[in-house]
Amino acid sequence: MVTDTTPDLAAVRSEPTTVKDTPAYRTFKVANAVALLIVCAVTLYPFVNLVAKAFSSEGYIAAGEVNLIPRGFNVQTFDVVMGDAMFWLNYKNTVVYTVVGTFISMALTTPYAYALSRRHLKGRTFFIGIAVFTMFFSGGLIPNYILVADVLHMRNTLWAIVLPGAISVFNLLVMKSFFENFPNDLEEAAAIDGLTTYGIFFRIVLPLSKAVLATMTLFYAVSMWNSWFSAFLYLDQKELFPVTVYLRNLIAAASNPAAGMGGQEVVQIGANIQSVTMLLTVLPIVCFYPFIQRYFVSGVMLGSVKG
């Protein structure tokens, strides 16, 4: 008697293949979702409250009645700020400083980090030590001012804003660590194909490093956009101020009754000037972030090396 051992494929296909979650795992997913929602709410609340205060009237703000929704809708402060031609000139200066400064910083940091990541580099420990040393020690405020303003004659110029802090050692070390984990197989294959060190860097390494490049670009851009002390220190011409210095001066003027504005206007501006200025400052970065965020989570190295 011959027994047919061939499996019934139709019966096998009809059986459910989905693995059911255990009660413990379902509980974990619910708890995880609740925790993430709480974190999102805590993160978003200050920003929503900021927007609400920016569009509220002075009386409601002083009474502490503004929470998530604007009370007594008012755009007087926006009219004062955005109706000033100097605001737009300083805003343009901020864009120029941010673009030029970020480009210079990335142009200096990226090759420096890649060179430090090569273990065969002669004097590698020395160059790493120089970079790390600057994280803990500096010449001080007065020597830096003398160097930039008097020795290098960069006062009231773009270069006083973008050059002194062009390289962030923290960003440098992050990029160095990324390049150290870069697959050697790709570089060796490119070298066999005849590419030089510069060819490997520009044609192999950089295209596969979009994640870290986008992250460092965002770090540098945000830092440059929010920077005001360098401009406050090295610039004394209003036409060269970034918008952060303009808004800082506006806050100081709004708190001074002798600023030359009407009494009620001063009260309204003084009530929500900080909210308006913070909103105007952070809004471009918030709009820019979604274009960079996708590089944070994408696996750009996936599939570049076949095992």
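The values are calculated or read from the model by the stated rules, or taken from the named source; none is laboratory data. Computed from a prediction, not measured in an experiment: that's the story for all the values here. Because the Cβ atoms are built from the backbone with ideal geometry, glycine has one as well, and the counts that use them run over all protein chains shown. Accessible surface areas use protein heavy atoms only, side chains included; no ligands, DNA or RNA. Shrake-Rupley method; radii C 1.70, N 1.55, O 1.52, S 1.80 Å.
In Å, what Kirkwood hydrodynamic radius results for region 119-237 from the alpha-carbon pair distances? Taking the inverse mean of 1/r over all distinct Cα pairs, region 119-237 comes out at 17.1 Å. Entry for region 163-215 at q = 0.19, 0.21 Å⁻¹: log10 I(q)/I(0) = -0.71, -0.82, Debye formula applied to identical alpha-carbon scatterers, no solvent contribution.
Using θ = phi - 60° in the Karplus curve 6.51 cos²θ - 1.76 cosθ + 1.60, the 3J(HN,Hα) couplings for region 206-221 round to 4, x, 9, 10, 4, 5, 6, 5, 5, 5, 5, 4, 5, 4, 5, 5 Hz; x is entered for Gly and Pro.
Given 0.36 nm per residue, what is the gain on full extension from residue 287 to residue 147 after removing their alpha carbon distance, in nm?
Details: separation 140, 0.36 × 140 = 50.40 nm, distance 3.66 nm.
Taking 0.36 nm per residue and subtracting the Cα distance, the gain is 46.7 nm.
With viscosity 0.692 mPa s and temperature 37 °C, the Kirkwood radius over alpha carbon pairs of region 129-189 converts through Stokes-Einstein to a diffusion coefficient of 231 µm²/s.
When Lys and Arg each count +1 and Asp and Glu each count -1, what net charge do the other residues less than 14 Å away from residue 175, Cβ to Cβ, add up to? Write down the numbers at each step before the final one.
Numbers: positive: 118, 176, 210; negative: 180.
Once positives and negatives cancel, what remains is +2.
For the pair residue 229 and residue 37, what calculated FRET efficiency results from E = 1/(1 + (r/R0)^6), where r is the Cβ-Cβ distance and R0 = 35 Å, to the nearest 0.05? Here the calculated transfer efficiency is 0.40. Taking 0.36 nm per residue of separation and subtracting the current Cα-Cα distance, fully stretching the chain between residue 195 and residue 88 would add 33.8 nm.
Cross-link reach is defined here as a Cα-Cα straight distance under 26 Å, omitting same-chain residues fewer than 8 places apart; for residue 176 the lysines meeting it are 122, 210, 306.
Around residue 156, with a cut-off of 13 angstrom between Cβ atoms, what is the net charge of the other residues, counting Lys and Arg +1 and Asp and Glu -1? If you can, show how the numbers build up before the last one.
On the way: positive: 155, 238; negative: 150, 236, 239.
Computed value for this residue: -1.
The spread of Cα positions in region 44-119, taken along each principal axis and listed from longest to shortest, comes to 63, 32, 14 Å.
When the alpha-carbon atoms of region 35-162 are used, the pair Rg, Dmax equals 23.4, 67 angstrom. If you take the Cα centroid of region 145-178 and the Cα centroid of region 70-105, the two points sit 24 Å apart. For residue 238, go through the lysines and keep the ones whose alpha-carbon is under 25 Å away, minus same-chain ones fewer than eight residues off. Within the straight-line cut-off, residue 238 pairs with 92.
Surface calculation, 1.4 Å probe, protein heavy atoms: residue 136 sits at approximately 140 Å² accessible.
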